[in-house]
Amino acid sequence: MYNFDTFPNRRNTNCVKWDEAPEGVIPMWVADMDFCTAPPIVEALEKRASHPCFGYPNGDSQWLKELVAKHYEKVYQVKVETEWIVWVPSVIPGVVAALQMAGGTFMYSVPMYNHIRTLYKEAKLPVIEVPLKKDADSRFSMDIPAMEAALTPDVKSVILCNPHNPVGRVYTRAELEELQQFCKKHHLLLISDEIHCELALDQKHIPYFAVNGESSVYSVTLSSAGKICNIPGLPMGFAIIPDRALREAFISQQDGLLPSGNVLTLAAYEKAYDGSCDAWKKELRERLVANRDLVDQWVSGVPGITAPHNEGTYLAWLDCSALGLEDPAEFFEKKAGVMVSPGEIYGDSQCVRLNYGCPEAQLREALERMKKAVL
């Protein structure tokens, strides 16, 4: 049994989540869990840090590619050749490299993770945003007909976020196959941000490159241990690109970057993918399911707030439009003392994103404060 009930004081540790929250305000915003990192990773970092030399790491890290490939076979029952794996500084720089490789205009569905919504600046490419569909149960899905209608000859790529941040969808094989057919029809590069892949809570995550026999042909699937192991401060990631020509073009696009991680990141990633953290990951998901269910129960008892049932991630997407608030995030910070992410940055100003990756007591306190502020 691991401890998911307490964590050390995080203020004044160069932690953006806590340092930007005013004193007395509970920070439930940025996607950084308030749980201690898995003990095997902490122990590996301590052991490596005890050695007084910090030289250049081996840039290829073939041994780590082998661990990642075995991990995908064990967890997702899919075959990954080590040559398919390309290291990236982290997932978002990998997305930028893929976008620039494809060129033209890119497309994605909103709401969408806020950093993806700023990539048009970093990639220096135009973008088309297409709304997700939302049913009567507040469940979101991709709107392929709307994407067809919005398509222009300049569109060269589509970004998928799966599990989806912020609406919490884990897309089904049928949905992914429909997207794959859309991309094949229009010869669009599919760039899949799967950084939350090990945080699928209700069903098995399906890596995009393994959806069917054709999804690997023109796609870049990106992931990282940053979210599942709660090590976003140790940035690193990888792209899985089965197609040789596409992979070589992607590697060429990354020229000038140093994507293979530093000696501490490599020590952490070894434990993230060698099986050492499997028991910790399992207990983490169990805690997140319990917290997610607590949020669902809370939503059902608070008039004016609705939310989709979260299938993955530790992020709840709360629709506050019925409350008639000008700025829901500001309201909850000032009236409830709870800092949440404003929905405007994801594409809907009447929503907020709540991070429930925290001890149960902290979550209950935050939800109680928010309920009192609304009622």
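The values are calculated or read from the model by the stated rules, or taken from the named source; none is laboratory data. Predicted, not measured: the structure shown is a model, and the values here were computed from it. Glycine gets a Cβ as well: all are built from the backbone with ideal geometry, and neighbour counts include every protein chain shown. Note: areas computed on protein heavy atoms with side chains; ligands, DNA, RNA excluded. Shrake-Rupley method; radii C 1.70, N 1.55, O 1.52, S 1.80 Å.
For the structure I just gave you, tell me whether Ala200 is within 22 Å of the chain's Cα centre (by Cα), over 30 Å from Gly59 (Cβ atoms) and either of a type in the set (Asp, Glu) or open to solvent by 30 Å² or more (accessible area, probe 1.4 Å) (or both).
No: the conditions fail for Ala200.
Mind listing just one residue for me: the one in the stretch 21-46 that is among the acidic types (Asp, Glu) and open to solvent by 50 Å² or more (accessible area, probe 1.4 Å) and, of those, farthest from Glu270 (Cα to Cα)?
Filtering the stretch 21-46 for residues that are among the acidic types (Asp, Glu) and open to solvent by 50 Å² or more (accessible area, probe 1.4 Å), the one farthest from Glu270 (Cα to Cα) comes out as Glu23.
Only one of (1) hydroxyl-bearing (Ser, Thr, Tyr); (2) in contact (Cβ under 8 Å) with a residue 24 or more places away in the chain; (3) over 30 Å from Lys65 (Cβ atoms) is not met by Tyr273, so which one is it?
Failing condition for Tyr273: (3).
Taking the stretch 211-220 on its own, how many of its residues are buried (at least 21 other Cβ atoms within 10 Å of the Cβ) and either free of Cβ contacts under 8 Å to residues at least 12 places away in the same chain or over 10 Å from Gln180 (Cα atoms) (or both)?
Of the residues in the stretch 211-220, 1 are buried (at least 21 other Cβ atoms within 10 Å of the Cβ) and either free of Cβ contacts under 8 Å to residues at least 12 places away in the same chain or over 10 Å from Gln180 (Cα atoms) (or both).
Can you find, within the stretch 135-189, the residue that is least open to solvent (accessible area, probe 1.4 Å) among those that are in contact (Cβ under 8 Å) with a residue 40 or more places away in the chain and basic (Lys, Arg)?
Step by step, filter the stretch 135-189, then rank; the result is Arg169.
How about the stretch 137-162: which of its residues are of a type in the set (Lys, Arg) and part of a strand (DSSP E or B)?
Lys156 - this is the single residue of the stretch 137-162 that is of a type in the set (Lys, Arg) and part of a strand (DSSP E or B).
All but one of (1) open to solvent by less than 30 Å² (accessible area, probe 1.4 Å); (2) within 27 Å of Asp202 (Cβ to Cβ) hold for Ala268, so report the exception by its number.
Here Ala268 meets the rest and fails (2).
If you go through the stretch 221-259, how many residues are farther than 26 Å from Asn310 by Cβ and open to solvent by less than 10 Å² (accessible area, probe 1.4 Å)?
Adding up the residues that qualify gives 4.
Could you give every pair whose Cβ atoms fall below 9 Å, whose first residue belongs to the stretch 354-375 and is touching a residue at least 24 places away in the same chain (Cβ under 8 Å) and open to solvent by 30 Å² or more (accessible area, probe 1.4 Å), and whose second residue is polar (S, T, N, Q) and part of a helix (DSSP H, G or I), counting only separations of at least 6 or pairs across chains?
Listed by first residue and then by second, the contacts come to Glu360/Asn291.
Can you find, within the stretch 58-74, the residue that is nearest to Glu360 (Cα to Cα) among those that are open to solvent by 90 Å² or more (accessible area, probe 1.4 Å) and assigned to a helix (DSSP H, G or I)?
Step by step, filter the stretch 58-74, then rank; the result is Lys74.
The conditions are (1) farther than 25 Å from Ser300 by Cβ; (2) in a loop (DSSP other than H, G, I, E, B), and Leu119 fails exactly one of them. Which is it?
(2) is the only condition that Leu119 fails.
Just to be sure I understand, how many residues within the stretch 277-311 are of a type in the set (Asp, Glu), open to solvent by less than 60 Å² (accessible area, probe 1.4 Å) and within 24 Å of Ser141 (Cα to Cα)?
Number satisfying all stated conditions: 2.
I need a count of the residues in the stretch 301-327 that are over 26 Å from His196 (Cα atoms) and without any contact (Cβ under 8 Å) to a residue 40 or more places away in the chain.
So the count comes out to 6.
If a residue must be more than 23 Å from the chain's Cα centre (by Cα) and closer than 18 Å to Val167 by Cα, how many such residues does the stretch 329-343 contain?
0
Report the residue count in the stretch 163-210 for those that are polar (S, T, N, Q) and part of a helix (DSSP H, G or I).
Here the count works out to 2.
Only residues in the stretch 278-296 that are farther than 19 Å from Val167 by Cβ count as the first member; pair them with residues that are among the aromatic types (Phe, Trp, Tyr) and surrounded by fewer than 19 Cβ atoms within 10 Å (Cβ to Cβ), Cβ under 8 angstrom, at least 6 apart or cross-chain, and list the lot.
Correct list of pairs: Ala279/Tyr2; Trp280/Tyr2; Glu283/Tyr2; Leu284/Tyr2.
With the condition kept exactly as written, say whether any residue in the stretch 122-131 is assigned to a helix (DSSP H, G or I) and under 21 Å from Pro207 (Cα atoms).
no
Pairs only if they're at least six apart or on different chains, beta carbon under 6 angstrom, first in the stretch 234-251 and part of a strand (DSSP E or B), second among the small types (Gly, Ala, Ser); list them, first residue then second.
Gly237/Ser90; Gly237/Gly94; Gly237/Ser224; Ala239/Gly94
Conditions first: (1) open to solvent by less than 60 Å² (accessible area, probe 1.4 Å); (2) touching a His at 6+ places or on another chain (Cβ under 8 Å); (3) at pLDDT below 95. Gly55 passes all but one, so which condition is the exception?
Unmet for Gly55, out of (1) open to solvent by less than 60 Å² (accessible area, probe 1.4 Å); (2) touching a His at 6+ places or on another chain (Cβ under 8 Å); (3) at pLDDT below 95: (2).
Against the definition (under 22 Å from Arg353 (Cα atoms), open to solvent by 30 Å² or more (accessible area, probe 1.4 Å) and assigned to a helix (DSSP H, G or I)), how does Trp18 come out, yes or no?
So Trp18 passes the test.
Go through (1) surrounded by fewer than 18 Cβ atoms within 10 Å (Cβ to Cβ); (2) touching a residue at least 24 places away in the same chain (Cβ under 8 Å); (3) within 25 Å of the chain's Cα centre (by Cα) one by one and return the number of the condition Gln77 breaks.
The number of the failed condition is (2).
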